[in-house]
Structure formats: structure tokens, C-alpha cells
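Input: a single structure, listed below in C-alpha cells.
The values are calculated or read from the model by the stated rules, or taken from the named source; none is laboratory data. The shown structure was predicted, so the numbers you read here are calculated from the model rather than taken from an experiment. Methodologically, a virtual Cβ is constructed for each residue, glycine included, from the backbone with ideal geometry; neighbour enumeration extends over all protein chains shown. What goes into the accessible areas is simple: the full protein's heavy atoms, side chains included, and nothing from ligands, DNA or RNA. Shrake-Rupley method; radii C 1.70, N 1.55, O 1.52, S 1.80 Å.
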Amino acid sequence: MTVTTSGLSFDELVRTSERRLLRLGLMLTGSVHSAEDLVQTVFARAHRRWSRIVELDHPEAYLRTMVVNEFLSWRRLLKSREITLAEPVEEPSGEDIGARQAQRDATWRLLARLPRQQRAVLVLRYYEDLSDSEIAELLGIAPGTVRSNAARGLAALRDNLSAEEN
């Protein structure tokens with residue numbers, strides 16, 4: 001959901017965008033606590049710049065960009081490159097919870113092996129459903145770089161998945 005700025009307060013933007021940004025942070029970091037820290041840091045920075053952000057056509061998209069950029073530069077957050085497995089985000093259905101959790105754990109382990117920019121590209125492409133040009137603009141890189149990061153990330157995921165199956 002994109003929020004327009006007509007009379008938008010900072011508190012309203014936080015209320016309308018917090019869950020989406022937390023889910024994005026969770027997909028990037030793999031940890032509920034790290035995602036909360038990431039989004040909290042972004043909200044603190046956004047509050048200081050609110051007079052400029054409120055003038056934008058799509059402040060939520062700006063916050064999403066801030067979350068991704070903060071993730072890419074947050075060295076202390078991922079210095080060990082280990083990912084803490086996330087808590088379930090949705091309510092369990094009638095399916096085998098153990099199998100679903102094992103699949104989720106395997107996904108986090110595979111994503112954790114990728115460099116941060118490749119992980120960010122894959123999350124933005126497949127989780128946020130952004131186009132290559134939108135990802136390129138968000139990350140400040142060329143669309144060709146987005147495609148090569150995506151291709152390398154997917155190849156690494158395939159290689160790692162094949163290695164785990166053997």
C-alpha cells in the first residue's frame with residue numbers, strides 16, 4: 001500500500017507502513033529481532049528528516065529504500081553472516097508444521113550464504129515483486145547489475161540446494 005502525503009503525519013506513516021517494512025526486514029535479515037532493530041533505526045532516521053520526507057509523493061517507498069540501504073550497510077548486524085531463524089509470521093494451517101518449519105529453516109540457511117546485495121535483489125524481486133528497473137533505482141545500480149546479481153544469487157541457491165540434497 002502506497003501512502004500519499006496529503007496531511008500525512010509521521011505517526012500515521014509509521015502505523016500504515018510498519019508491518020510491511022518489518023516483513024521486508026525479516027526477509028532481508030532472517031531474524032525478527034534484527035528486522036525490528038533495522039526498521040526502528042530507519043524510523044528514527046526518518047523522523048529526523050520528516051520535513052523532507054513528507055513532501056515526497058510516496059514516502060512509504062522512500063522508507064522501503066531506507067530499509068534496504070540500511071540492511072546493505074549494517075555491518076555489525078550481519079558481521080558473522082549467521083541468520084537466526086525467524087518465528088512463524090502467519091498462523092499455521094492444517095499442513096505438517098514440522099515439514100513447513102524444516103523448509104523455512106533450509107530457506108534461511110540458503111539465503112544466509114548469499115552476499116547481502118544478492119540477497120536484497122532476490123528479496124526485492126520475489127518477495128516485494130519489483131521489476132529490475134525498480135530494484136536498480138532503489139539500490140542505485142544499473143538494471144544489468146540487478147540481473148547479474150539475481151542470476152548469481154539463484155545459481156548459488158541452486159548449487160547450495162544441490163549440495164545439501166547430496
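Observations, loosely collected:
- What the phi angles of the stretch 64-72 give under the Karplus curve with 6.51, -1.76 and 1.60, with θ = phi - 60°, is a coupling list of 4, 4, 4, 4, 5, 5, 5, 4, 5 Hz, glycine and proline written as x.
- Rounded percent of accessible protein surface that carbon and sulfur make up, the stretch 105-165, 1.4 Å probe: 50 percent
- Distance (nanometres) between label positions extended 7 Å along Cα→Cβ at Ile97 and Arg113: 2.9 nm
- Couplings 3J(HN,Hα) of the stretch 122-132, computed from phi: 5, 5, 5, 6, 9, 9, 8, 6, 8, 7, 4 Hz, in residue order, whole Hz [Karplus 6.51 cos²θ - 1.76 cosθ + 1.60, θ = phi - 60°; x for Gly and Pro].
- Here r is the Cβ-Cβ distance between Asp105 and Asn69 and R0 is 35 Å; the resulting FRET efficiency, rounded to 0.05, is 0.80.
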